Each structure stands twice: as C-alpha cells, then as structure tokens.
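Remarks on the structure that follows.
The values are calculated or read from the model by the stated rules, or taken from the named source; none is laboratory data. Here the structure is a predicted model, which is why all the values come from computation and not from measurement. For neighbour counting, all protein chains shown are included, and Cβ atoms are generated from backbone atoms with ideal geometry for every residue, glycine included. Ligands, DNA and RNA are stripped out before the accessible areas are found, and what is left, the full protein with its side chains, is counted by its heavy atoms. Shrake-Rupley method; radii C 1.70, N 1.55, O 1.52, S 1.80 Å.
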Amino acid sequence: MVSKSYTNLLDMSGEDVFDFQQPFRSLPRFVTSPSITSNPDWDTSNADDSVGPASCCVRKIIVSNFLPLNCTKDEATGQWSFSMDDNQLLVQLKDGFPMESEVVYVGSLNAEVDPGEQDQLSHKLFREYKCIPTFLPADLQQQFYHGFCKQQLWPLFHYMLPICLDKGELFDRSLFQAYVRANKIFGDKVMEAINSDDDCVWVHDYHLMLLPTFLRKKLHRIKIGFFLHSPFPSSEIYRTLPSKRGHIGIEYFGRTVSLKILAVGVHVGRLESVLRLPATISKVQEIEQRYKGKMVMLGVDDMDIFKGISLKLLGLEFLLERTPKLRGKVVLVQIINPARSTGKDVEEAINEAISVAERINIKYGSAEYKPVILIDYPIPSYEKIAYYAASDCCIVNAVRDGMNLIPYEYTVCRQGNEEIDKLRGVDKSSHHTSTLIVSEFVGCSPSLSGAFRVNPWSIEDVADALYKAMDLTQSERKLRHDKHYRYVKTHDVAYWARSFSQDLDRACKDHYSRRCWTTGFGLNFRVIALSPGFRRLSLEHFASSYKKTNRRLIFMDYDGTLVPQSSVNKVPSAEVNSILTSLCNDPKNCVFIVSGRDRTTLSEWFASCDKLGIAAEHGYFIRWNKEGEWETSSSAQDCEWKNIAEPIMEVYKETTDGSSIETKESGLVWHYQDADHDFGSCQAKELVSHLERVLANEPVVVKRGHQIVEVKPQGVSKGIVVDTVIRTLINNENAPDFLMCIGNDRSDEDMFESINEAVSRSVFPTAPDVFACSVGQKASKAKYYVDACSEVIRLLKGVTAITPRREVISQSQVTFRDILEVVS
C-alpha cells in the first residue's frame, strides 16, 4: 500500500491513495445517480494485468469550469429552471461524436445553490440534462476562479508578469491551495460519471490543469484528453509561477503523450439557422440602411486588457488623420461583450476605450456621423449575427488570444442566404464577399491565409490594414471570402471534436497491452507504463539458465550499471574488478564492457581483467581482450569536423556556467549536468540546432543525451557493437546459447534492439536464452529490469560462484588429477 506523504505543499492532494499494483476491472463502475457510485471491484487474481475493453456504452465525459446550462431561480416560488445553452461550444461539439455516444457534462453551475437544494438539483440535472454539478463552496469558488485562475493563471498565460506590488498580483499560496482543492472536487465528480476504462474524459482549459493527475491516480488506463483554449506562454514566462512543474508524440514514462495544435471550429448549421430568423433578416436590413454608403468595420470582443480594443481605435484614428478623404465614409462598430472578471485593469481598459472613442467622434465626427459606434451593453445573439452579415470587414486585434472564433462566425454569416440576397436586390448566384484583419498573436490567424495579418501594437500597421481592406476590389474580396468559407465550412466544431476524439483513441490504443506501475506522491505522482512481459530479473531464474549453458555472451554498460550514476568516484571498485575477472576466467564466457568512455580510461581501470573485451566510445574502438589490438569502426573518418564543432561548443561552455567539454578520439561531448537545469536544457536545444546546421555536410551525427550533447561519427553505436560481436562468434562456429545485455540509458537501448532483431531474424543456429535487462523500472526494449547497480552486482556475484562441473572438488573426493585439471 502506498503510504501518505505531506513532505511539501503540493502533496496535500495525495490523500486518496491505494495500491495500484491491483488491476481494476473496467465494468463495475456506473452512475445510478449523482453522488451514488457502485463500489469498485478489485481483482487480485489477474496477475498479468490484462484488462480488456468493456462492453458497456462508451461515455464521452466533458469537464469544464462551468456547465453549459442557462439557469435562473424564481425568487417568489424558489423554483429553479434550466436549459442547455446551445450557443456554447461544449454543447455543439457533440456533433462530432458517434450517434450512439453518451455525453455527460461535469462542471459548476453559474449560480449559488443552497446546500439543502444541492442533492435534489443534482438528480434533476443528471436525469434531464446528463449534467453533474460540482457545487464548490462559495469561498472556495471565489478563491479558485476569481482568485487563482483569473488573477494568477490567466494573466500569466497572456504574458502578463506579476510585477506590480500594489495590484495584488503576486503569487498567493493560499489561492493555489484553493485551486488544488477545487480540482480534487472536480475529480471526485468525474469518477461518478465513469462507467469503464473505455470511457473518454475530455478536460477543458486552464481552470482544471491538475484534474488529469487526480484521475490518473485512480484509473491509470482511462482515456484523458486536455484542450487548452487560451494561449500557452514560453517556459520563461510560465515558470515565474512558483509551483512544481515538471501530431507530436512524446514518450513519457512508457506512455505516448500526443500534442497537437487543433483549431476549434464553429457550428455552421446553427449560425445559418439564426441567420434565417425573421428578426435577424430585419436587423440586417436596418443596419445596412443606417450605414448606407459607408464602409462598415466590425469588432466583437470581450472586455479585457488583452483584446486590443483601444489599439484598434487608435489605428482608426491614425487612418482618419492621415487620410482625410475617408472621413464620413468609414464606421467602426465595436461590440463589447461583458467582462468575465473584475478588477482595476478591466476598469482602466473600459475607461480607456470609451475615452478614445469619444475623442475620435469629437475630432472627426459630426451630428450626422460618428466614426466609432460603441455597443457596450448586452445584445441578443441574432443582433450580433446581423452585424456580422451586414459588415464589410471584421477586425480582431487582440495582443494575445487563444482560439478566437469571431473571424469564423463572421465568414459564415457573410455567406448570407437567399432571403437576405433578395432584400439586397441581388441574384442568389451573386458572389459573396468578406474581409478580415487579424492579429498575428491570435490562435486562428494561421488558418486564415486570406486575412490581413497585423501587429496590434503597431498603430501604423493597423491603419495600413484598414486602408487596404477598404481598397480591395470586389473580385479580391470574393476570392478571400471563398477561401475562408471553404475552410470554416469543412473544419467546423464537429470536425474539431471528431479529430480530438480520434487522436485520443490513437494515443491510448496500447493502454490494455501495458502493465502500469506508479511512483511519487501528490502532484509528483506518475504512472509508468511497461510492456506486459517486462519483469524483475531474479537471481534464481538467471542462475538456472547460466548454469545449464555452455557458450555465454555478456554485454555490460559501465556508468549507471556497474557504478551508480550519482557516484562521484567513477573508478571501479575492487569488488567489481574481482567479479569481472571471475566471469572472464570462465572459458564458457565472452564478456564485454560497452561504454561511452574513452579507451585509455577503460584500459587503465580494467587492466587487471586480461580476458575482458572492451568497446570504447560507444563502439568506435573495440578490443577483444587485453592482448588484442584495438579495432577501429569501419566508419572511421578524418576528424576535420572537430575544427568546426569545438569552437561552437566552446562558446556555449563559456556562456553556460557549470558546463564542460569532453574531447574523445572519435567525438566531442558537451556536458551540462552541473549547470542550471532549465538554462542548460535551453542551451542544449540551441546547441543541437546550431551544430546540425553547420555540420550538415559532415559524416557525423549530433545527439542529445542525458544532460549531454554529443557529436560522433555516423554508423557508431552500441547496437552495432552487439551485431559485430554476435556475427563474429557465429562465423567462428561459436554461436552463443546464452546472451545477457544490461544497461541503463538511451544508448543501451540500441543494444537491446539489436539483440531483439537478431533473435527475431533467427540468426542463431539454436535460439539462445536471452536476458536483456534495464537498470531501473522504466520504458525499455529490454524484457527484464533490476532496480539499481547494487542488484547488478548481486546478480553477477551470484553466478560467479557457479563453476564448471569438472572444477567442483570436495574434500572427500580430492585427487592430484583433479587439482591439475583445475589449475590447467
């Protein structure tokens, strides 16, 4: 049983711990009603952890901060009324799921509910809307949402650093504790909704970034997807938050974590249906009549400091100032949605926008004409759709934003319909047009190739784009519109949801074929996924095979295998040398040390082991025994490339405190294990890129390893060493019947892979007993593992006690002939 730990603040979340070694059946969890869940059925009889997919209906569990519900309470009767908010993305994404999928929502209500009413409402919401409310306490909701999410995470994700002491923006640990508690409550509610390990949990946005960890602690095979709707900053910005931190496929503890930039879409059908409403059509006619003869620019933004509303207005002001002929001919209608948060910054943004708009209207307007129309009050959705349809150009000028869907909605609405075309007096086959101006810092910008992209901080850039938008010919407007409309039509919200679901299924396809182990506590908790056959190498099993075989081939890494990686003194101990000597003196054994270290060092360290084979510098140099000559890799070339690479490495060494350069005969290694972890890692990434560019035409490879960057000749690896030795022994009719390979890092995986391939190709006359063993319980191509270097020594020491039968001498049977045989 995993024990509780509160060694640091983050471990407060590690309260619900249990033994993960027990497999969890996928069928028994089901929801009878909110807050009532069947007891989990633990099965300890299935030792191989082979849980298959469940046969029950697969659920799509959508988790977000707020449920997609409209809710109101009649104060007179005390009755609650609810309805699904069809305008919300979370409702619309259901169109991307198969018809048979059951969709369940988990989140908070956007209203405070008395504790005495919560159970009744929970049953009602689940029964009628498949919604499970979280009901956070009011003080926790305030600290979690308005505190940590809005005051800490949201500004940070938009590149706003907490630098002003008087604004109360510095990190508040109590708010982070509230964030952790809220995510745990969400996790408990999601557990109520899960039927089986086949269910899919889709978590939305930065409010719930800890939720996947809490779910993974309880169900380590569940399919979990996370979608971040806001922009994600660089590591330099994100790590200013003083918390622990730790298609592209990333191998993470044996699991493939898929990362993908996936643009959200809009519900085209819903927009088109609203556009057909009589109220919408009437409003379109009214707007077009009101601004007849003028170019209508439209802005639709939430009121916050990152939407660039004032910058947009300043761009219009600059345009009117330098282009007098446009005065009276252009109108910017700015619709401002209500602010989602409160604070001094939001108030300042509102006041600034109003001030700039008034200044422009006073300076360039008249009694009949206002260049800026501010709509800073709530309007019905049909009216907003009407403005989309009636506007010649839409401008999104945010200084930092995620997937802003305004340009997509505008494009769909500009396609219009037959009724609107008839009112305009044009033929239904006439060409539709639209023009977009989009900030380059908005997530949807790359998908809109026909838009004018602007730097919102540059007033001149915005003004130029506004002028170009007005100066476009009708045919250019049509071409841009057609291109955008085709994209938005085919990449709608259903496409987004379907793509996300398919990507998640693809990433999780190996879940049932893996064995899962757990490590860490609290937010340091991790699930390690291992292949089903991956198991600890026992001395009994190893020794049994060792004893009955006659031609043994043994490969061993050195650092991290025979001596701990953390050891300051890397020189082999007397015990290690004694064990290696004993192994090598057995005529049935062929033993190799395969290391990245240079041949001079290895020769000195193992001088006492006459019969030990050594492969130095990852196999660039090979020697079969102490008396043998060093053989150089066939890929050995001149090292002129060092004159290019070494000066570059020197620059990085000088600019990275704690780093060093190791010069080998075959290559160069830049070490940064003693440098600052984050800075060293960034420098390593940059160094790899730099070296790959300048050495592109050289016969070398640039590799990044554990806290190193190495440049070495092509065609040199530990895997090739294994191939060479095996091939040589087979050609000499001395094919091994026992094959052991043990190592601890990435380079050793090449040896395991070579052995696996040799066995699968049946290159051996008789299949040998194979013991490919990783030091450490981690994802590996090896079949076995041991926990530490001490276990490696114990295994080797155990088999050195095994001697050939003819060498066994007991006191009762000893003869002179026996002694001669042993000595010989």
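Pairs are defined by a Cβ separation below 8 Å, a sequence spacing of at least 6 or placement on different chains, a first member in the stretch 473-491 that is more than 14 Å from Ser445 (Cα to Cα), and a second member that is modelled with pLDDT under 90 and in a helix (DSSP H, G or I); the pairs so defined are His491/Ser447.
In this structure, Lys124 qualifies as surrounded by fewer than 19 Cβ atoms within 10 Å (Cβ to Cβ) and more than 27 Å from the chain's Cα centre (by Cα). Summed over the stretch 135-149, the residues that are crowded, with 20+ Cβ neighbours inside 10 Å and among the polar types (S, T, N, Q) give a count of 1.
Test Ser774 against the criterion of being part of a loop (DSSP other than H, G, I, E, B), out of contact with any helix residue (DSSP H, G or I) (no Cβ under 6 Å at 6 or more places or on another chain) and of a type outside the set (A, V, I, L, M), and give yes or no. So Ser774 does not fit the description; no. If you check Glu440 against the conditions, is it closer than 22 Å to Arg453 by Cα, open to solvent by 20 Å² or more (accessible area, probe 1.4 Å), assigned by the TED database to the domain that holds Leu298 and in contact with a Leu (Cβ under 7 Å, 6 or more places away or on another chain)? For Glu440, the condition - closer than 22 Å to Arg453 by Cα, open to solvent by 20 Å² or more (accessible area, probe 1.4 Å), assigned by the TED database to the domain that holds Leu298 and in contact with a Leu (Cβ under 7 Å, 6 or more places away or on another chain) - is not met. One residue stands out among those in the stretch 70-119 that are β-branched (Val, Ile, Thr), open to solvent by less than 50 Å² (accessible area, probe 1.4 Å) and not in a strand (DSSP E or B): the one that is nearest to Leu504 (Cα to Cα), which is Val91. Report whether or not Asn351 is open to solvent by 50 Å² or more (accessible area, probe 1.4 Å), over 23 Å from His267 (Cβ atoms) and assigned to a helix (DSSP H, G or I). Considered against the rule, which asks whether it is open to solvent by 50 Å² or more (accessible area, probe 1.4 Å), over 23 Å from His267 (Cβ atoms) and assigned to a helix (DSSP H, G or I), Asn351 comes out as yes. In the stretch 302-335, which residue that is part of a loop (DSSP other than H, G, I, E, B) and of a type in the set (A, V, I, L, M) is modelled with the highest pLDDT? Here the residue is Met303.
Being outside any helix (DSSP H, G or I) and open to solvent by 10 Å² or more (accessible area, probe 1.4 Å) is a property that Gly299 lacks. Return the residue satisfying two criteria in turn: it lies in the stretch 355-400 and is β-branched (Val, Ile, Thr) and part of a strand (DSSP E or B), and of such residues it is surrounded by the most Cβ atoms within 10 Å (Cβ to Cβ). The extreme case among them is Ile395. Of the helices (runs of 4 or more DSSP H) lying entirely inside the stretch 120-221, those carrying at least 3 residues that are at pLDDT 85 or above and on the phi < 0 side of the Ramachandran plot are 138-141, 173-193, 211-218.
Lys547: modelled with pLDDT of 90 or more and not assigned by the TED database to the domain that holds Gln777, yes or no? The answer is no for Lys547. For Met403, the conditions (1) open to solvent by 30 Å² or more (accessible area, probe 1.4 Å); (2) outside any loop (DSSP other than H, G, I, E, B) are fulfilled apart from (2). Restricting the stretch 734-771 to residues that are part of a helix (DSSP H, G or I) and among the aliphatic types (A, V, I, L, M) leaves a set whose member that is surrounded by the fewest Cβ atoms within 10 Å (Cβ to Cβ) is Val759.
Set side by side, the residues Val702, Val709 differ, and just one is surrounded by 23 or more Cβ atoms within 10 Å (Cβ to Cβ) and among the hydrophobic types (A, V, I, L, M, F, W, C), which is Val709.
If only residues of the stretch 259-293 that are surrounded by 15 or more Cβ atoms within 10 Å (Cβ to Cβ) and within 24 Å of the chain's Cα centre (by Cα) are counted, the one that is nearest to Asp421 (Cα to Cα) is Gly265. In the set (1) farther than 26 Å from Pro407 by Cα; (2) touching a Ser or Thr at 6+ places or on another chain (Cβ under 7 Å), the condition left unmet by Val356 is number (1).
Quick one: is Glu665 surrounded by 13 or more Cβ atoms within 10 Å (Cβ to Cβ), in contact with a Lys or Arg (Cβ under 8 Å, 6 or more places away or on another chain), closer than 15 Å to Val716 by Cα and not assigned by the TED database to the domain that holds Val571? In short, yes.
Would you confirm whether any residue within the stretch 259-268 is more than 29 Å from Arg477 (Cα to Cα) and either basic (Lys, Arg) or modelled with pLDDT under 95 (or both)?
The answer is yes, given that some residue of the stretch 259-268 is more than 29 Å from Arg477 (Cα to Cα) and either basic (Lys, Arg) or modelled with pLDDT under 95 (or both).
Going through the stretch 412-431 one residue at a time, which ones are open to solvent by 10 Å² or more (accessible area, probe 1.4 Å) and at pLDDT 90 or above? Matches in the stretch 412-431: Arg414, Gln415. So Phe679 clears everything in (1) open to solvent by 50 Å² or more (accessible area, probe 1.4 Å); (2) of a type in the set (A, V, I, L, M, F, W, C); (3) in a strand (DSSP E or B) except one condition, right? Which one? Condition (3) is where Phe679 drops out. Pick from the stretch 443-478 the residues that are in contact with a strand residue (DSSP E or B) (Cβ under 7 Å, 6 or more places away or on another chain) and open to solvent by 70 Å² or more (accessible area, probe 1.4 Å): which of them is farthest from Pro407 (Cα to Cα)? Out of the qualifying residues, it is Lys468. Filtering the stretch 526-548 to residues that are open to solvent by less than 10 Å² (accessible area, probe 1.4 Å), touching a Lys or Arg at 6+ places or on another chain (Cβ under 8 Å) and assigned to a loop (DSSP other than H, G, I, E, B) leaves only Phe534.
So which residues in the stretch 174-215 are under 17 Å from Leu93 (Cβ atoms) and open to solvent by 20 Å² or more (accessible area, probe 1.4 Å)?
Asp205, the sole residue that qualifies.
With respect to Asp678, determine if the residue is among the acidic types (Asp, Glu) and under 30 Å from Thr766 (Cα atoms). When the stated conditions are applied, Asp678 does not pass them. Taking the criterion of being over 15 Å from Glu631 (Cα atoms) and open to solvent by less than 40 Å² (accessible area, probe 1.4 Å), the residues of the stretch 714-733 that qualify are Gly719, Ile726, Leu729.
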